[in-house]
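Below is one structure, written out as structure tokens; the observations come after it.
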Amino acid sequence: MSSLTCTKLTLCTVSAILLQVIGLSLFVLGFFPVKPALSGFSGPESFQPPGCDSVADPNVSNLRPDQLKSLYQELYETPPSFDRLVLMVIDGLPAEFVLGRDDRPPSMVMEEVMPYTQLLLASGMAFGYHARAAPPTVTMPRLKAMVSGAIGGFLDVAFNFNTQALLDDNLIRQFFNIGWQMVMLGDETWLKLFPGLFTRHDGVSSFYVRDTVQVDYNVSRHLGDELNRTDWNLLILHYLGLDHVGHNGGRSSVFMGSKVKEMDEVIKMIHLSTKQFQDNDQGRTLLMVVSDHGMTENGNHGGSSYEETDSLVLLVGLKPKASDYPLVTRSTIHQVDIAPTLALLFGVPIPKNNVGMMIAEAFDSLTDDQQLRILELNSWQLLRLLQVQIPGLSCGSLSCDVLSNDQRPGITECNGSDEEMLCCLFANAVVLHKSWKSKRISRSNSGDEYHMTVLAYDNFLGAASKWLSGRATYKPAGVLIAGVAAMVFSCLVFIGLLFRLDQEVYPCKVRHLSDMKDIVLKCHFDETYVLAIIFILVLSMGSSSMVEEEQYIWHFLTSTFYLVLLRKAVQSLIARTGQNLISLIKEQNRSSYIQVSSIILILITGRIMRGWHQGGVNWAHLPDISKWLEQAGRCYVKSIQLVSCVLIMSVGVYSLFSLQSKKYSAMVIGLTFLVPGSLVMQHIIEYQDTSFAASSSGSNSTVQIIYTLLGVYTLGAFFGVPWLMPVPSPKILSVHTGSLSSNFLADLRMKFLVVGFRDSIYVIGWAYIHYWCLLQLLLQQPSNSMPVLFLLVQILASMYYCSKGGIHLKHFAFVAGLYYLGLAGHFALGNTNTLATIDVAGAFIGISSHSTLLSGILMFIITYASPMLALLSMVMYMAIKETCAPVNAQDVDIGHFLKMTVSFPCLVPLGLNSVVLVAYTIVLLIMRNHLFVWSVFSPKYLYVCAATACVYIGVSVVSLTAIYTSFVFAFRSGYVAVLHQR
């Protein structure tokens, strides 16, 4: 079997990565297509039964807005209920803040800060609803759902950061078509969705979440003037401050009460103004207060938990109605129900892609005939959409038939397939409606039949809306299969390369172990367990509960792995000494002490990190260390931040002094560690307080200086250290590596390359790790500063274990252990597999204005802090872990040296991630019709894709650092050899 050369290894690895990227792209585009939508906009045909010949004016597209409005009113047969609409969006407001939850009223605090809103609800002047929002619970897709009634594709969560114009049928365009004058104040997402449709607007960025004051002031400063004007029909107010307060401090933030009170004052101001407008006979105005989504306890959103999907709909201005207040406020609707309700209230066509059903209480003031007309129009629209989704559905012709007076209507029991059931429900409603019309004309008693007709329409609307909302998007089988096949093949390539490398390296390692007992040689449980971890993880992926609580799997499996290493360290110690455990106290076994102590330190810090955050979904409410710190007060958190920063700087400087022959160089480089660290400490002391208002210019300037220094120092370490590291003399080299071979020059160059490479790569690796930890102290939540320190301690302890006799552990097993530490740390920092735990607030630290690119990069850095730290530690690992020295220096070139040095730190993360990626891709494909496919499995897949990108970036940094450094020392070794010849 021919040896695997460096060139072959590189080409195979790069080809496998490219193939994996292609396969992943194909699968994502196939599995998460943008949800199909009917093109065009609804028109006069919406007021006629589906399947009937249209009698509308063929030149309707040439009508002026006022003429189109008159045509709609004529066809509608029901006058619009209101003349103007104020749509007030309170971003992130949970409905339970206003309406309570289950059988409980709102908390006493919320009742006290919203007195006017509670008065409106209690008096029957407002109707409140819990509006269920579909995941992903982020702003842009939720706004689309409210104005179009359609449920967007899951990847709208990504498009939320780069909003494009909404081209599908929607209410804003329908209002514009009939000549409405519209004003928008607030979140600029509206301007991006509907460019050019607003007469006046003042948009603010929704992503700069550090601002909780100015962002709402910019809306309210225009409100008084707009309410006094009569030149608009639609006023949109989108307040962002409450959502930003949540992102910064959670639901329990000290600023939440004052922000909710501010919103109550705005509602009071609008209601009193519109009431005066109506008293002056200037028309009726409807105030609709909505929220796009809720928020979790820590203030985030994006997932599918009740707290995130519980949004608010509040209708103010309807005809007052005496009703049971608790029952009214506990009613539940869907967010998509807003679109058909507003369309029918204002007499415009329902958007084509609407899947919602109108809110019945909004039409209580209408006559029985008009209410049935409303139900009929909503049913026709949903039937048209069903006919597109279910080819061959022909029950629409029933609405065109004329029921004879002698026919006796009846309710048919609806069973069978979806098509048969939906047709049956629609037929029942049509038959009863026509029968009611005929009896109304003959003045016979039709009260009971009216209620039966309403019930029949409700049954059809409910079934049709549920079916359309849960309709899976079409997934092209060919694209999915091609994507999975490409990823499987790339995974096999990575595994094959690792197997070949292990076969080449392991025989060399046997010689190092020749003096050890047979028990050590035969004990390979640790290596088997490394592979078992991935196998166990793959098996767990098929359970939605295990996906939600994945952090427990990683904490348990990683701790068990290091317990296995502890057992093996003790076994190897006994095998070397041939004595009992009393020999452990002898000085000669100091390295064994370090090994055992290092593993114990990893286990202790791992247990503390396990209790730092109660992540996941089911037990996130339980107490943990981070919650205790937040309750203890800001001074405790700040103290921990400062202690963590000092310890990280101290560890970084101290570790460089292990380069005994390079103390002077290490001291100079260590001093550079102190500069950004000192600035981070200054920022913690001066700017990190409990105020979540817009960041000061001083804070932004300090952070930007820190970013610059960290970037410059990192690049300086990468480019400069290989050139500036002191050149050892041949005499020193011989001391380092033993006697030289007969071919002095070849041996000299090889020894120079090995010693210089290891010294440089050690320093560069520490620079990467140290600067990355300082960056995390700056970006992470303040309570996460200690876990960042613990992650550094775990990696340092692993390196000491490796350097003090860890040669009995195969390369791939040790690299896998480091990688597992990074994945366990990912959850220890509070991350989960739901989108709600993404730290949006941290992504704007040091940024003066919103930048999608910069904020996205910072968000990625915060989320994948731990896995990236583990990957960056591979650079230092290459300097510590022994590789097989060449038998004959004359036969070894730089390619072979790189292969033996870089292969495992790069291929093991790629291989392990590939197994997880392929396995979860197959799981997602199998679970495509699962109840939780969009709420659990799909968010997890986005995390898997992001983790794949993290591995690519980390491996690229490791490989480029090693290649560049080795080539620099290869060049310098040639220069040294020339000088020696002279």
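General remarks:
- Of all the residues in the range 598-622, those that are in contact (Cβ under 8 Å) with a residue 12 or more places away in the chain and part of a helix (DSSP H, G or I) number 12.
- Looking across the range 765-782, the residues that are within 25 Å of residue 624 (Cα to Cα) and open to solvent by 10 Å² or more (accessible area, probe 1.4 Å) come down to 775, 780, 781, 782.
- Among the residues of the range 961-972, those that are touching a residue at least 12 places away in the same chain (Cβ under 8 Å) and either crowded, with 18+ Cβ neighbours inside 10 Å or hydrophobic (A, V, I, L, M, F, W, C) (or both) comprise 961, 962, 963, 965, 966, 967, 968, 969, 970, 972.
- A search for C-beta distances below 6 Å between a residue of the range 479-501 that is assigned to a helix (DSSP H, G or I) and any residue that is surrounded by fewer than 16 Cβ atoms within 10 Å (Cβ to Cβ), counting only pairs 6+ apart in sequence or on different chains, returns 486/22.
- In the range 190-202, the qualifying residues are those that are in contact with a Leu (Cβ under 8 Å, 6 or more places away or on another chain) and open to solvent by 10 Å² or more (accessible area, probe 1.4 Å), and the one that is nearest to residue 339 (Cα to Cα) is 198.
- Residue that is modelled with the highest pLDDT [pool: residues in the range 623-646 that are open to solvent by less than 60 Å² (accessible area, probe 1.4 Å) and in a loop (DSSP other than H, G, I, E, B)]: 624
- Residue in the range 932-940 that is of a type in the set (Lys, Arg), in a helix (DSSP H, G or I), modelled with pLDDT of 70 or more and more than 20 Å from residue 32 (Cα to Cα) present: no
- Qualifying position, being surrounded by 24 or more Cβ atoms within 10 Å (Cβ to Cβ), under 18 Å from residue 128 (Cβ atoms) and among the β-branched types (Val, Ile, Thr), among 333, 350, 338, 359: 338
- Candidates 173, 210 - the one that is in contact (Cβ under 8 Å) with a residue 60 or more places away in the chain, open to solvent by 30 Å² or more (accessible area, probe 1.4 Å) and within 28 Å of the chain's Cα centre (by Cα): 210
- The set of residues in the range 1-32 being surrounded by 18 or more Cβ atoms within 10 Å (Cβ to Cβ), more than 12 Å from residue 482 (Cα to Cα) and of a type in the set (Gly, Ala, Ser) consists of 16 alone.
- Of all residues in the range 532-559, those that are at pLDDT 85 or above, of a type in the set (Ser, Thr, Tyr) and within 17 Å of residue 918 (Cα to Cα) total 1.
Per-residue answers, yes or no, for (1) outside the structural domain of residue 265 (by the TED database); (2) among the aliphatic types (A, V, I, L, M):
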residue	(1), (2)
283	no, no
295	no, yes
305	no, no
334	no, no
345	no, yes
354	no, no
376	yes, no
381	yes, no
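Residues are listed down the side, and each one gets a yes or a no for (1) in contact with a Lys or Arg (Cβ under 9 Å, 6 or more places away or on another chain); (2) open to solvent by 50 Å² or more (accessible area, probe 1.4 Å); (3) at pLDDT 85 or above; (4) outside the structural domain of residue 280 (by the TED database):
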| position | (1), (2), (3), (4) |
| --- | --- |
| 47 | no, no, yes, yes |
| 53 | no, yes, no, yes |
| 59 | no, yes, no, yes |
| 64 | no, yes, yes, yes |
| 70 | no, yes, yes, yes |
| 79 | no, yes, yes, yes |
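The values are calculated or read from the model by the stated rules, or taken from the named source; none is laboratory data. A quick note: this is a predicted structure, and the numbers were derived from the prediction, not measured. When we count neighbours, we look across all protein chains shown, and the Cβ atoms used for this are built from the backbone with ideal geometry, even at glycine. Ligands, DNA and RNA are stripped out before the accessible areas are found, and what is left, the full protein with its side chains, is counted by its heavy atoms. Shrake-Rupley method; radii C 1.70, N 1.55, O 1.52, S 1.80 Å.
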